[in-house]
Amino acid sequence: GVVVSDVDAAGAARVADEIATAGGRAVAATADATSKKDLKALVATARAEFGPVDLFCANAGAAFGTGVHASDEQWQKSWEINVLQHVHAAQAVLPSMLARGEGYLLLTASAAGLLGTPGDAPYSVTKHAAVGLAEWLAITYRPRGIRVSALCPLGVRTALLEPGIAAGHPAALAIAAAAPLLEPEDVAEAVVHGLGKEEFLILPHESVRESFARKAGAVDAWIDEMAVGG
């Protein structure tokens, strides 16, 4: 079974209904991904409805399209949504997974967590932190049966990106120009494939893998390539 959770109760219910219509088992739950209390309650709901949690997908994200001079509120929100939600999710679900000796955590980060995002400092910084957390979790808990993957796509046609493209925001336009935008269904297929292979980095855009390898091999040249106006 699937527990679909969102701060948007109607949206969560709609997705749960779609799963049920397709023949699956799903329930909807309302939760704020930045709330420890909500995430603990979410895990309790999942266990009550379907038993032990096999896979927890932490998907919340926020972007403001601002630079280093972003407001303190934007920096704080970016940290809470893009990083601490993953911390709280791990705190909520890991104890039961560790007790069973198995479980899977999927942290949705971004290609920005590997390659940076010109024009959006809070997003780039916090997505790097999310990848770092996923790496730490993988190293720390793999010996105890816990698998961890970090999902790092480029542009995807979602409500997080499309308004910025429509408004002509430089950061959003840069993402759209970097590689073809994927549909959410394309990313879902990549996730299923990556989870099946237990890949740490799930990269729906092949160009991200190539750029990440290029960065690792010649970081100064890569910075020159990425530099705004370079």
Within the stretch 82-107, which residues are buried (at least 24 other Cβ atoms within 10 Å of the Cβ) and β-branched (V, I, T)?
V93
Selection from the stretch 90-109 of residues that are more than 18 Å from F200 (Cα to Cα) and touching a Leu at 6+ places or on another chain (Cβ under 6 Å)
A92
Looking at R144, is it modelled with pLDDT of 95 or more, of a type outside the set (S, T, Y), surrounded by fewer than 18 Cβ atoms within 10 Å (Cβ to Cβ) and in contact with a helix residue (DSSP H, G or I) (Cβ under 7 Å, 6 or more places away or on another chain)?
yes
Collect the residues in the stretch 180-190 that are assigned to a helix (DSSP H, G or I) and either of a type in the set (G, A, S) or over 16 Å from G113 (Cβ atoms) (or both), keeping them in residue-number order.
P184, E185, D186, A188, E189, A190
Matching residues in the stretch 67-78 - criterion: being in contact (Cβ under 8 Å) with a residue 12 or more places away in the chain and surrounded by fewer than 17 Cβ atoms within 10 Å (Cβ to Cβ):
G67, V68
Restricting the stretch 199-230 to residues that are exposed (fewer than 13 other Cβ atoms within 10 Å of the Cβ) and assigned to a loop (DSSP other than H, G, I, E, B), the one modelled with the highest pLDDT turns out to be A218
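Would you be able to say whether some residue in the stretch 168-179 is in a strand (DSSP E or B), under 17 Å from the mean Cα position of the chain (by Cα) and either in the same structural domain as A92 (by TED's automatic domain parsing) or among the aliphatic types (A, V, I, L, M) (or both)?
no
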Test L160 against the criterion of being touching a Gly at 6+ places or on another chain (Cβ under 9 Å) and not small (G, A, S), and give yes or no.
yes
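The values are calculated or read from the model by the stated rules, or taken from the named source; none is laboratory data. Just so you know, these numbers come straight off a predicted model, no measurement behind them. Heads up, the Cβs are rebuilt from the backbone with ideal geometry, glycines too, and the neighbour counts pull from every protein chain shown.
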